[in-house]
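Structure first, commentary second.
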Amino acid sequence: MKNIKTFCGILALLPLSAWAQYDGAPMEKYQAQKNEAKKEVRRNKYPHSDNDWENFDVLHINRLPSAATFLGYPTRELALKGDKTATPYYASLNGTWKFQYVPKVADRSLDFWQNGYDVSGWADIQVPGNWELQGFGYPFYVGSGYGFKRNPPLVPADNSPVGSYKRTFDVPANWKGRQIVLHFGSVASSYYVWVNGQQVGYSEDSKTPSEFDITDYVNLGGKNEIAVQVFKFSDGYYLEDQDFWRFAGIQRDVFMYARPLTHIRDFEVVTDLDEHYTDADFSLYVELGNPNLKKLKGAEVEVNLMDRDGKTLYSERKRQQKGSPMLEFHRHVEKPLLWSAEKPNLYRLVLTLRVNGQVQEVIARHIGFRESEIKHAQLLVNGQPVYIKGVNRHEHDPHTGHVVDEASMIKDIQLMKQFNINSVRTSHYPCDPRWYELCDQYGLYVVDEANIESHGMGYNPDRCLANQPEWEKAFVDRTERMFERDKNHPSIIIWSLGNETGEGCNFATTYRWIHANDKSQRPVHSEDGIKGPFTDIYCPMYKKIDVLINHTLYLPTKPLILCEYAHAMGNSVGNFQDYWDVIEKYPSLQGGHIWDWVDQGIAQKTEDGRFYWAYGGDMAPKGTPSSRNFCMNGLIAADRTLKPHIWEVKKVYQNMAFRLADYHSGLVELTNKFFFTDLADFNFGWRLEGNGEVLAKGTIDNVSLAAGQTGLFRTQFPAITPAPGVEYYLNFYAWQKADDGLLKAGDEMASEQVKLPFYQPATLNANAEKLQVSEGDRLTASTSKVSFGIDRQTGALASIQVGGRELVKEALRPNFWRPSTDNDLGSDLAEICDPWRHAGRDARLVKFENRRLDDQTYEVVSHYQLPEKLASSDFIVKYTLSGEGYVDVHCTFVPANDTLPFLPRLGVSLTLNREYDQMEWFGRGPHENYQDRYTSAFVGRYKGSVWEQYFPYDRPQENGNKTEVRWMTLSNLQGQGLKAVGAPYLSTSAYQFTTEELSEVDTKKHQRHLSDIQSKDLVTWNIDWKQMGLGGDTSWGAYPHQQYLIPARRMSYSFRLYPF
């Protein structure tokens, strides 16, 4: 399938390319390729270097051709077991190595590779691992721009870290007569390798494996030495300008294996479904290998295809034909169980290689029958126009960086399945091979992306690397290595050419290359290709809803699937439901991948032991380029803690819809939004609530509804005689019926809430006392149980006492400011809205009016004028104090003109003493919610501590809001406190900080962390009419959608405060 000449002559002190006959060009597949027209390559366009790591023509030296992921075993039993450590022909080189770090390439060791070189004084390092997280050099994060002055293909001499690794290893004597292969899963960004004092080879591409034949370099049955020298920056790094931490080192598994001299070098599986997507033509293309192809003879391959019960569906043996390493197998399979993310049906393919009748090796791999294609401007999987309910996922661990273990991968997949996520884009590089096996097993669609991004070079056609023919070999090499490794995974339904690199001739070449080589003809995705001929999918990023609609109106020929959207930075993911209302309306809109899955935070502690998430700029010397917390965009935190906005994603992505058709008849309409799953796989139930209290529960039985269908089902609801003042809600739920992969029986998969049209107004039971009023400097109104104090100088409610116990720490004041979110700061909203920041505190009392209305009622009106930068607009607070023991608060905002900026919020703030830290409310919850992110927060009655409402975002910001709140109480442990009742609703929050502490000091983003704030001896209670939406289209310019902004117009709202 590939061809490579022999590498001869080794001298370590000279660049290896001087001795290599292979020039690093992408290796050609065995079958003939069509010749492309030669493009003009200008050799004088880029500076020249004699170093391999600064030469885009040297991509790898002595590297073996790429192949699918598999391992041969000596027996069928071992192959079916699939435990690499159980075969005698596998040896891991993970573990402790000796290590030397230097910050400049000129300072690197030049002779450590020699046998016997003394490295006892070197440090220890763990492999796999990123050296920056083990005490060597420093990590830095930039979203794009490389982190140094670009000058491709050269790297700066004064910033060119190198890590030198060395260790000993044994090679069993019984490996004699076999080909011994050394495997590096991932090394960033380029490296040389020596064995026993001889250079073996060189490779780049930080995210795909490299293998080397070391048969002639090792001592069988004895000690051996291996040395590796890794360059953090290389010419290859110019194609790896992704939005992630810039780590270096050996970051995936290193191992050796010994295969028979005649072996299965590679194979490709194709499952072509018929026009009805019922039967399939199974094809298998096997390539045999031998270090000396002339000795490739007498080989026979046996194929066994088995179902999940071990039953053989197909078995065939074929002998190799003289002169050809290729064998082909074809079989028509009737009604196979198809693979999809919903139903990840897998079959076991077993390949047995015999030479002259003797078993040489056995390979067992899972495969799936699946077809992915574009028809009628839609992406079809097995003939169905599936929705991509996806996320982008970086490989990230909060302790080990780019080294991610299997437990973390399984945790990610489990959470994705629980939260209705069905697709992952491997942003922006091929992931660890185990990831794809797990996606095959548990069911996730995968957009597999080549390790190509040159964002920092810009998009000018004369500069962007996508349009420079000199870089074509590198583009094709990275594409080929991704494809060859991953081609047999049914989970991969789309290939992605790369990310944010620009449009040009090199992507045209890689697009053609994939379509010429992928026998399964999966669609190809190129964000840079826009709607042009070199992408099968229009896959833009961060497009607004009107762009999506416009795409559908002009006879689209390609589906639109957003490669990135819903930028989840900080407190975000507003208006998500709005996107999906449109996506589900138009056939050529099929979803997208949220940016992104997990925060790229690094776990750190302050000197005094307080935990925080480090982000860009925290771990590098001052002056190092940094994109700060732009790497913190996850639906989940780096430790896989759920962030509040993931609940909205689960609700919007759910695959079932509920509608109450007729309460009295017990009719419920269900819609099955799955494409391959019957609703018989789920249990359904309902819960009737009155003012948040559960009144009745029931089930919806005997549900069976095919994918894509809508049906009516009958249950029985209790008769309701509305009680005064009670709101009735009917909540529907769907639960997993049985364990299924990582989902467990009882996992909630969908829900909906319906407000019932039964309501009887509350009856008022007046029990008023005569209100005692003292009109000194502080106007005090008292009953036998409570008293209210209003400061005549400020006009503010400054005291609330119950039984002589003071609740208030700081008086009620107007409040128009929210602590800026990342989205606020990323756009110019924080700056535009800044006049509101101190407007409440700086409001000037211009009139104070007070009067007794009757024996039980007293009225105070405080008329404020806001600062001049708000045109001296008015804010009026009217307090109506009642002998029933409450105070009604009516707030009116009157703008001076129509040129004022948007308001972040309209409300008041009241600070209580710390003991009142127990919260209960009737409104949306239990998690934080906002006017543009609330569909997952059902109206109910909830309680918890004030502290529990706080989510520790990596950078302090707006937090913990609740909308449509009918009432909320803050109380102490003895049950004393204060109740706020909306008229009818409030938007409200409470936290144990001041609003100023959660806020930035100005309109700029500063290097702040969750450890920078600590709970205070107070409770801040924001009692608002409304807060503007969070937004989330982007975090660098997009406002919340218009309907979720608060323009400066005349507004009023009311609430009642009850001390108890």
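Here, each number is a calculation from the coordinates, and none is a lab measurement. Treat the numbers as computed from the prediction; the structure is a model and nothing was measured. Virtual Cβ from ideal backbone geometry, glycine too; neighbours counted across all protein chains shown.
A few comments on the model shown:
- Alpha-carbon Rg/Rh ratio, for region 449-578, with Rh computed the Kirkwood way: 0.99
- Oblate is the label for region 730-857. Its Cα gyration tensor axes, ordered a ≥ b ≥ c, give a/c of at least 1.5 and b/c at or above a/b.
- Per-residue Cβ neighbour rank within 10 angstrom, fewest leading, Asp309, Asp253, Asp205: Asp309, Asp253, Asp205
- Approximating the spin labels as points 7 Å out from Cα along Cα→Cβ, the His48-to-Asp898 distance works out to 6.9 nm.
- Rounded D (µm²/s) - region 263-367, Kirkwood Rh over Cα pairs, Stokes-Einstein at 20 °C, 1.002 mPa s: 146
- For the pair Ser945 and Asp111, a Förster radius of 51 Å applied to the C-beta separation gives a FRET efficiency near 0.20, rounded to the nearest 0.05.
- Dipole magnitude for the chain: about 760 debye, using +1 per Lys or Arg Cβ and -1 per Asp or Glu Cβ, origin at the Cα centre.
- Kirkwood-type hydrodynamic radius, region 655-755: 14.2 Å, calculated from all non-identical alpha-carbon pairs.
- Sequence-distant residues sharing a close amide H with Val391 (under 5 Å, placed H): Ser423, Val424, Arg425, Ile594
- The chain: angle of helix 472-486 to the longest principal axis, Cα-based, in degrees nearest 10: 80
- In the chain, helical runs assigned H by DSSP with n ≥ 4 each contribute -39500 (n - 2.57); averaged across all residues and rounded to the nearest 500, the mean residue ellipticity at 222 nm is -2500 deg cm²/dmol.
- Stretching Ile545 away from Phe611 to a fully extended chain increases their span by 19.8 nm, per 0.36 nm per residue minus the current alpha-carbon distance.
- Under 5 Å, built H, 5+ apart or other chain: amide partners of Met632: Gln600
- Region 263-367: relative contact order in percent, alpha carbon pairs under 8 Å with at least 6 residues between: 28
- Using a Förster distance of 22 Å, the FRET efficiency for Asn174-Ser324 (Cβ separation, nearest 0.05): 0.10
- Sorted largest first, the principal axis extents computed over the alpha-carbon atoms of region 822-979 equal 47, 42, 28 Å.
- Tilt relative to the chain, helix 505-517 - C-alpha long axis, 0 to 90 degrees, to 10: 70
- Pairwise Cα inverse-distance average, inverted: Kirkwood Rh of region 956-1060 (Å): 16.0
- Net length available on complete extension from Thr641 to Gln793 is 50.0 nm, with 0.36 nm assigned per residue and the Cα-Cα distance removed.
- Overall dimensions of region 125-231, expressed as equivalent-ellipsoid semi-axes from the Cα gyration tensor (√(5λ), whole Å, largest first), are 32, 14, 12.
- Here is the list for region 544-604: chymotrypsin sites (Phe, Trp or Tyr not before Pro) lying in DSSP coil, each with at most 12 other C-beta atoms within 10 angstrom of its C-beta, are Tyr554.
- The alpha-carbon atoms of region 716-770, seen along their principal axes, cover 67, 29, 14 angstrom, with the largest extent given first.
- Over the C-alpha trace of region 357-508, radius of gyration and Dmax come out as 17.5, 60 angstrom.
- Cα centroid of region 948-967 to Cα centroid of region 803-839, whole Å: 13
- Put a plus charge on the Cβ of each Lys and Arg, a minus charge on the Cβ of each Asp and Glu, and nothing anywhere else: the dipole of region 263-367 about its Cα centre is then about 760 debye.
- Model label zone, Thr96; criterion: amide N under 14 Å from point 7 Å along Cα-to-beta-carbon; scope region 122-137: 122-127
- Distant-in-sequence amide H partners of Arg265 (H built 1.01 Å from N, under 5 Å): Glu287, Leu288, Gly289
- With the highest mean first, a sort of the peptides 176-183, 813-820, 360-367, 885-892 on other beta-carbon atoms found within 10 angstrom per residue produces 813-820, 360-367, 885-892, 176-183.
- Selection from Pro722, Ser704, Phe658 lying farthest towards where the dipole of region 655-755 points positive, charges on Cβ: Pro722
- Qualifying lysines (Cα of each under 21 Å from Cα of Lys149; at least 8 residues distant if same chain): Lys45, Lys104, Lys232, Lys622
- Over 24 Å [Cα-Cα, region 890-997], rounded percent: 27
- Checking the Cα-Cα distances for Lys417/Lys673; Lys650/Lys737; Lys755/Lys785 against a 26 Å cut-off, the pairs over it are Lys755/Lys785.
- Within region 402-427, backbone nitrogen closer than 18 Å to the virtual label 7 Å beyond the Cα of Gln604 toward Cβ: 402
- Inter-label distance for Leu313 and Thr85, nm, one decimal - labels placed 7 Å from Cα along Cα-to-Cβ: 3.3
- Full extension of the chain between Leu973 and Lys1004 gives 7.2 nm of extra length, using 0.36 nm per residue less the Cα-Cα distance.
- Taking every C-alpha pair closer than 8 Å and separated by at least 6 residues, the mean separation divided by the residue count of the chain gives a relative contact order of 8 percent.
- Helix 406-418 and the longest principal axis of the Cα set of the chain meet at an angle near 50°.
- Spherically averaged projected area in nm², based on the convex hull that wraps the Cα atoms of region 820-886: 6.2
- Antiparallel bridge percentage (DSSP; both residues within the chain; nearest 5): 90
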